[in-house]
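The values are calculated or read from the model by the stated rules, or taken from the named source; none is laboratory data. The structure presented is a predicted model; accordingly, all values stated were derived computationally and were not measured. Virtual Cβ from ideal backbone geometry, glycine too; neighbours counted across all protein chains shown.
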Amino acid sequence: MFDGTDAHYFHTGSRGHHSVWDSRLFNYGSWEVLRYLLSYARWWLEEYKFDGYRFDGVTSIMYKISLIK
């Protein structure tokens, strides 16, 4: 259940901050995060008829996740 804090979707503390991009880091291990991101991607596909996505930050995301584990 959502408790009103950022910890519902993002990692907490320094683990939840990408210093190079000055952005928050999603907690990809959370079912709610995956459901949110996939539903958002689906909305863009259905609403604007996109035929694909460009994921520029995948390498950075994977690198940050490997450092966390």
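Tell me, which residue of region 1-29 that is in a loop (DSSP other than H, G, I, E, B) and over 19 Å from G57 (Cα atoms) is modelled with the lowest pLDDT?
M1
Residue pairs, Cβ under 8 Å, 6 or more apart or interchain, first in region 51-65 and of a type in the set (A, V, I, L, M), second modelled with pLDDT of 70 or more and surrounded by 11 or more Cβ atoms within 10 Å (Cβ to Cβ). List them.
These pairs meet every condition: I61/L25; I61/Y28; I65/Y28.
Give the residues of region 30-69 that are at pLDDT 75 or above, aromatic (F, W, Y) and over 17 Å from Y9 (Cβ atoms), sorted by residue number.
W44, Y48, F50, Y53
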